[in-house]
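Read through the structure below, which is laid out as structure tokens, and then see the notes.
The values are calculated or read from the model by the stated rules, or taken from the named source; none is laboratory data. Since this is a predicted model, take the numbers as computed values, not measurements. Cβ atoms come from the backbone with ideal geometry, glycine included; neighbour counts cover every protein chain shown. Quick note on the areas: whole protein, heavy atoms, side chains included, nothing else; ligands and nucleic acids left out. Shrake-Rupley method; radii C 1.70, N 1.55, O 1.52, S 1.80 Å.
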Amino acid sequence: QVQLVESGGGLVQPGGSLRLSCAASKGMFDIYPMGWYRQAPGKQRELVAAITSAGSTNYADSVKGRFTISRDTAKNTVSLQMNSLKPEDTAVYYCCIDRSPYKLASYWGQGTQVTVSS
């Protein structure tokens, strides 16, 4: 079983920055796509950013130009650099190993809270 642990969340003022990290107990980042999702109060979970084993990335329109996803395969970590944060970015952010293309269950972390407020 793979365990995912997110860290780096917290309270930040609008316009500030945070860097989220996700650490995996087992190496899988070189095989499956990795993603950061978020769920805000009263809203559905949404994909924020994803990165494939080949290094290609995609982002939600709402975060393009502000967020950057990266991975370190050797350390089994994936990060999300969040800049120019807005109040609407407030949510619980989850790390995910997406195995759905292989018809396998994906792995999810417990989430880390990001609150953007003055």
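Modelled label positions at residue 54 and residue 30, each set 7 Å beyond Cα in the direction of Cβ, lie 1.8 nm from each other. Which of 50, 105, 40 ends up with the largest GNM mean-square fluctuation for the chain, with Cα atoms connected below 10 Å? Highest fluctuation of the listed residues: 105. Quick one: if you stick a label point 7 Å off each Cα along the C-beta vector at residue 47 and residue 5, how many nm between them? Each label point is offset 7 Å from its Cα along the Cβ direction, giving 2.8 nm. What nm distance separates the two modelled labels at residue 115 and residue 70, each placed 7 Å from Cα along Cα→Cβ? Calculated label separation equals 2.9 nm. Mind checking which of 104, 80, 47 has the largest fluctuation in a GNM of the chain, springs on alpha carbons under 10 Å? Greatest mean-square fluctuation among the candidates belongs to 104.
Determine the dipole magnitude for region 59-118: charges of +1 sit on the beta-carbon of Lys and Arg, -1 on that of Asp and Glu, nothing else is charged, the reference point is the Cα centre, and the result goes in debye to the nearest 20. Intermediate values should be presented prior to the final figure.
Numbers: 7 positive and 5 negative charges, 37 e Å.
Approximately 180 debye in magnitude.
Placing +1 at every Lys and Arg Cβ and -1 at every Asp and Glu Cβ, with all other atoms neutral, what dipole size does the chain have around its Cα centre, in debye to the nearest 20?
Values: 12 positive and 8 negative charges, 17 e Å.
Here the size comes out at about 80 debye.
Solvent-accessible area of the chain (1.4 angstrom probe, protein heavy atoms only): carbon and sulfur portion equals 47 percent. Largest GNM mean-square fluctuation across 73, 52, 90, computed for the chain with C-alpha springs under 10 Å, falls on 73.
Using a cutoff of 8 angstrom between alpha carbon atoms and counting only pairs six or more residues apart, the relative contact order for region 48-118 works out to 22 percent.
Tell me, what is the per residue accessible area of region 23-118 in Å², probe radius 1.4 Å? Provide the component values of the computation, followed by the final result.
Working: 5030 Å² over 96 residues.
Per-residue value: 52 Å².
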